[in-house]
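Only one structure is covered here, and it is reproduced in the block below.
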Amino acid sequence: MDVKIAPSILSADFVNLERELGRIASADLVHVDVMDNHFVPNMTFGLPVVERIIEVAPVPVDVHLMIEDPDRWGPGFAEAGASSVTFHAEAARAPVRLARELRALGSRAGVALRPATPVEPFLDLLGEVDMVLVMTVEPGFGGQGFIDGTLPKIRRTRAAVGEAGLDVLVQVDGGVSVETIERAAEAGADVFVAGSAVYGAQDAAAAIHELRELARGAHRHD
């Protein structure tokens, strides 16, 4: 199981985004949170800004839709060239149809779950997605503390992926840092969204390297 580090630009300097993207050129992905102030109590970027991010980013763009109507808006981000588009299970009206549409447009399809949303109702859909995002904080704002109560859900998700013999990534987002990444990796996560742990560091590349090595070490000790 390889490790992917996906810094979140939610913790970046929005006025200097191109420069901030350059700071994370050694990452595997850049995580872009799209919020509409309806599904979550915050607002970030719309499609035109994300299109430009995709054009200038040094690594593939991982779009996380925290919006009320992903069925309508999600395909536009895939058409813009996002490497992956993740929608919330709580918001999608037709998750299988949406996932298939995203894949048909060339993006990986991800399904995200809030901390209190159980994974079990969605396990039969694992073959329709490329990634499951287990939120390890309540979505909406950066800088929150990691919720350890999500670790059993990460384990159940990883076990279900393994039992089904599928190539599905398990992503965690929220409170990921040098203090928490090993616990998430041991539970079965392989894609780690880190905001302030990377952008709050003086040397973002060194922070990315440290996070990656900690996660790899945790996987080796499984």
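All of the numbers you see were taken from the coordinates with simple rules; none came from a lab. This structure is a prediction, so every number in the text was calculated from the model and none was measured.
Computed quantities for the displayed model
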{"item": "Over the chain: Rg over Rh, Cα atoms, Kirkwood Rh", "result": "0.93"}
{"item": "Extension reserve of the H221-E182 stretch, reckoned as 0.36 nm per residue once the Cα distance is removed", "result": "13.0 nm"}
{"item": "Built amide H within the under 5 Å cut-off of V32, gap 5+", "result": "D62, V63, H64"}
{"item": "MRE, 222 nm, helices only [DSSP H, n ≥ 4, -39500 (n - 2.57), over the chain, to nearest 500]", "result": "-10000 deg cm²/dmol"}
{"item": "For K4, residues with placed amide H under 5 Å, excluding near neighbours", "result": "V191, F192"}
{"item": "Choice from P41, P121, P70 showing the highest fluctuation, given a GNM over the chain with Cα pairs closer than 10 Å", "result": "P121"}
{"item": "Mean separation of Cα contacts under 8 Å, 6 or more apart, over the residue count of the chain: relative contact order %", "result": "21 percent"}
